[in-house]
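Read through the structure below, which is laid out as structure tokens, and then see the notes.
The values are calculated or read from the model by the stated rules, or taken from the named source; none is laboratory data. Worth saying up front: this structure is predicted, and the values here are computed from it rather than measured. Glycine gets a Cβ as well: all are built from the backbone with ideal geometry, and neighbour counts include every protein chain shown. Side chains included, ligands, DNA and RNA excluded: accessible areas come from the protein's heavy atoms. Shrake-Rupley method; radii C 1.70, N 1.55, O 1.52, S 1.80 Å.
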Amino acid sequence: APRDAAHPYWAAGFAVLALVSLFLAWRSAQREPALASAPLRTQLTSSAGLDAFPAWSPDGTSLAYASDRSGRFELFIRDMAAGGDRLAVTSDGAHNVQPAWSPDGATLAYHSPGRGGIWLVSRTGGTPRQVSPFG
């Protein structure tokens, strides 16, 4: 008979233990994700002007972007290797924006509000050529 009387206490103890376990599992699921799963933030440009419209090269080693550090948007490429150079690709003062890489990474297409249309230029700079009078 004493053994049967202890049975409800064991059942109540297991029930409390199960409820506490469920509460702790629910609470840990509600916490913010760990720092390791948060996105990394790194400053990639550092001009005094606005740097905008970033575009990664197809191989992921360079970043093309527009910067108004001179007062008008021009295109730049930053080599992402340690101590990488920042190369001015355009310098015509035509507010060149929205660079997009060619699949082979040799050319940039961009919009030029000052000249109108879509233009192409080599990743090393040079004379751009217009491919569309609008867009």
Q: Please work out which residue is nearest to ALA88 (Cα to Cα), limiting yourself to the range 116-135 and to residues that are over 27 Å from the mean Cα position of the chain (by Cα) and of a type in the set (Ser, Thr, Tyr).
A: THR127
**Q.** Positions within the range 101-118 being under 17 Å from ARG72 (Cα atoms), open to solvent by 30 Å² or more (accessible area, probe 1.4 Å) and in contact with a strand residue (DSSP E or B) (Cβ under 8 Å, 6 or more places away or on another chain), in sequence order
**A.** HIS111, PRO113, ARG115
Q: Taking the residues in the range 1-28 that are open to solvent by 100 Å² or more (accessible area, probe 1.4 Å) and modelled with pLDDT under 75 as candidates, determine which candidate is farthest from the chain's Cα centre (by Cα).
A: ALA1
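Select, from ALA100, ALA81, ALA52, ALA94, the only residue that is modelled with pLDDT under 90 and among the hydrophobic types (A, V, I, L, M, F, W, C). Even if it seems obvious, please write down each step before you answer.
Values: ALA100 fails: modelled with pLDDT under 90; ALA52 fails: modelled with pLDDT under 90; ALA94 fails: modelled with pLDDT under 90.
None of the others qualify; the one that does is ALA81.
Which is at pLDDT below 95, open to solvent by less than 80 Å² (accessible area, probe 1.4 Å) and part of a loop (DSSP other than H, G, I, E, B), of SER47, SER70? Working first, answer last.
Values: SER70 fails: open to solvent by less than 80 Å² (accessible area, probe 1.4 Å).
Criteria check complete, one pass: SER47.
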Q.
Can you find, within the range 73-90, the residue that is surrounded by the most Cβ atoms within 10 Å (Cβ to Cβ) among those that are in contact with an Asp or Glu (Cβ under 6 Å, 6 or more places away or on another chain) and without any contact (Cβ under 8 Å) to a residue 24 or more places away in the chain?
A. ASP79
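Does LEU63 satisfy the condition of being of a type in the set (A, V, I, L, M, F, W, C), open to solvent by 30 Å² or more (accessible area, probe 1.4 Å), part of a strand (DSSP E or B) and without any contact (Cβ under 8 Å) to a residue 60 or more places away in the chain?
In short, no.
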Q: Could you please find all residues in the range 89-135 being more than 25 Å from THR61 (Cα to Cα) and of a type in the set (Phe, Trp, Tyr)?
A: PHE134
